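Some notes on the structure that comes next.
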Amino acid sequence: MSADIQKQTAGLAAIDHIRDGMKVGLGTGSTAAWFVKAVADEVQAGMTLTLVSTSVQTAQLAKSLGLEIKDINDVGRLDVCVDGADEIGPGLSLIKGGGGALLREKLIWEMADRCIVIADAAKHVPVLGAFALPIEVEPFAYKGTINRVTDVLSEFDITKMPILRKKSGEPFVTDGGNLIFDIACGEIHDPSGLANALKATTGVVDHGLFLDLADIALIGTDEGVEVLHP
Ligand code: 5RP
């Protein structure tokens with residue numbers, strides 16, 4: 001089965017966790033897009049939901065499907081957030097940000113009572129780090145920030161330089177106006193320590209390590225949906 005079909009399986013399965021009247025955060029990426037489509041079908045069929053988005057991209061998709069997206073500041077706490085991931089490791093530790101939406105994703109995840117991660121089977125890994133870890137960086141004085149990040153990485157025996165993400169030859173700019181750097185960490189043996197150290201680095205707005213945030217993972221497999229708990 002292709003990864004695309006597994007993403008569809010996982011994305012559509014998440015709708016079983018949505019009830020009438022809920023406040024729901026919509027994630028970003030190709031797997032989350034399947035969930036957004038399933039939400040649109042339910043709303044069309046009469047379900048009432050209050051929806052917020054983790055990105056402009058998802059908001060545009062949702063609106064194109066006839067959904068109304070609210071401002072998170074007008075909604076407050078959410079019942080649930082459903083979003084994809086780039087890697088799902090032990091204890092539902094995650095790497096996110098492959099789509100460059102990590103900061104707004106984390107802001108929405110942290111406002112949700114329950115976070116559901118949806119992904120194809122290849123995303124489930126024994127140890128995080130094969131996927132390059134994205135960090136979101138304030139553009140002002142970013143070279144100094146990256147020097148500090150490089151020092152932090154060396155404390156974790158990570159020797160690869162952060163790479164500026166580009167799109168069509170130009171620096172990729174997030175919805176919040178920041179830069180993304182990708183770090184080819186290799187196996188991350190101390191995700192919590194690395195997360196804390198990156199978070200404490202001036203100029204790093206946030207990082208793609210999502211630790212102790214996911215409550216359940218729905219993994220699309222060739223046999224159906226595998227459910228994982230932390
Ligand atoms: C975007 C993300 C995505 O959830 C992640 O990249 C997974 O994307 P996809 O479902 O397309 O594989 O973190 O910032």
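The values are calculated or read from the model by the stated rules, or taken from the named source; none is laboratory data. Predicted model only: the values in this text are computed from it and were never measured. Because the Cβ atoms are built from the backbone with ideal geometry, glycine has one as well, and the counts that use them run over all protein chains shown. The area values use the complete protein model at the heavy-atom level, side chains included, leaving out ligands, DNA and RNA. Shrake-Rupley method; radii C 1.70, N 1.55, O 1.52, S 1.80 Å.
Per-structure values
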{"read-out": "Taking the convex hull of Cα positions in the stretch 80-191, its mean projected area over all directions (nm²)", "value": "7.7 nm²"}
{"read-out": "Solvent-accessible area per residue, Å², over the stretch 133-206 with all protein chains present [probe radius 1.4 Å]", "value": "54 Å²"}
{"read-out": "Proximal aspartates and glutamates relative to K37, as straight alpha-carbon distance under 16 Å, when same-chain residues fewer than 8 apart are discounted", "value": "D4, D16, E68, D83"}
{"read-out": "Projected-area mean, the stretch 133-206, by convex hull of Cα positions, square nanometres", "value": "4.8 nm²"}
{"read-out": "Pairwise centroid distance, computed over Cα atoms, of the stretch 120-198 with the stretch 3-70, Å", "value": "28 Å"}
{"read-out": "Segments 90-99, 198-207 sorted - mean Cβ within 10 Å per residue, highest first", "value": "90-99, 198-207"}
{"read-out": "Segments 63-71, 20-28 sorted - mean Cβ within 10 Å per residue, highest first", "value": "20-28, 63-71"}
{"read-out": "Electrostatic dipole magnitude of the chain [Cβ: Lys, Arg +1; Asp, Glu -1; Cα centre; debye, to 20]", "value": "580 debye"}
{"read-out": "Dipole axis of the stretch 133-206 (+1 Lys, Arg; -1 Asp, Glu on Cβ), positive-most option in P139, N196, G169", "value": "G169"}
{"read-out": "Partner lysines for K199 [C-alpha distance under 19 Å; skip if fewer than 8 residues away on the same chain]", "value": "K96, K106, K143, K160"}
{"read-out": "Rule-of-thumb Rg ratio for the chain [Cα; 2.2 N^0.38 Å; N residues]", "value": "1.00"}
{"read-out": "Carbon plus sulfur fraction of accessible area for the stretch 133-206, probe 1.4 Å, in percent", "value": "53 percent"}
